[in-house]
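Each remark here refers to the structure printed beneath this line.
None of the figures in this text is laboratory data; all of them are computed from the coordinates on show. Keep in mind the model is a prediction, meaning the values are calculated, not measured. Backbone-built Cβ (ideal geometry, glycine too); neighbour counts: all protein chains shown.
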Amino acid sequence: MTKDDIIQHWVDSSEVDFKAMESLFANGHYVWSLFTGHLVLEKLLKACYVKYIDNKFPHIHHLLKLAEGANLELSEEQKNFLLEVTAFNIDARYSDHKSRFYKKATREFSTYYVKTIKEFRQWLIKKINS
């Protein structure tokens, strides 16, 4: 696979997850919507890593580490956001976290994060396409 093929793979896969995130949110599955939102950003960050650094992307799920590894210039607000969304990966998976996360992931909470994931997604897509 060429570098462009790898980037396109991550973008395409992220798009599938983006549609799933929206569907899950619309149907009130907030925890899984946020978990999938994490995947949307993770895959786009891996596309950025491939574009800017190397085809051998790190096999990690930590969004801030992926963004920093891709040498993306981030504001403190963006860094904090990526740390918060990274936690959704853990909170939705593991039972000791899941109970608290189900209580936290209200419609209001999830609306904010889905909206912000969408905005960050667009920012990453612009980086990939530039």
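Here are a few things to note about the model shown:
- Cα-centred dipole magnitude for the chain, charges only on beta-carbon of K, R (+1) and D, E (-1), debye, nearest 20: 240
- Neighbourhood net charge (12 Å Cβ-Cβ; Lys/Arg +1, Asp/Glu -1) for Tyr49: +4
- Helices that extend 20 Å or more along their long axis by alpha-carbon positions and average at least 0.0 on the Kyte-Doolittle scale are, among the DSSP H runs of the chain, 30-52.
- If you run the Gaussian network model on the chain, springs between alpha carbon atoms under 10 Å, then out of Val40, Val31, Val16 the most flexible one is Val16.
- Radius 15 Å from Cβ of Gly69, net charge of other residues (Lys, Arg +1; Asp, Glu -1): +3
- Separation in nanometres of the label points that stand 7 Å from Cα toward Cβ, at Ile125 and Lys103: 3.7
- For the chain, radius of gyration divided by Kirkwood radius, i.e. Rg to Rh on alpha-carbons: 0.97
- Filtered trypsin sites (Lys or Arg not before Pro), the range 13-119: DSSP coil and at most 15 other beta carbons within 10 Å: Lys56, Arg93
- Of Lys3/Lys43; Lys56/Lys98; Lys103/Lys127; Lys79/Lys115, pairs whose Cα-Cα distance is over 26 Å: Lys56/Lys98; Lys103/Lys127
- Neighbour net charge for Gln78 - beta-carbon separation under 13 angstrom, K R +1, D E -1: -3
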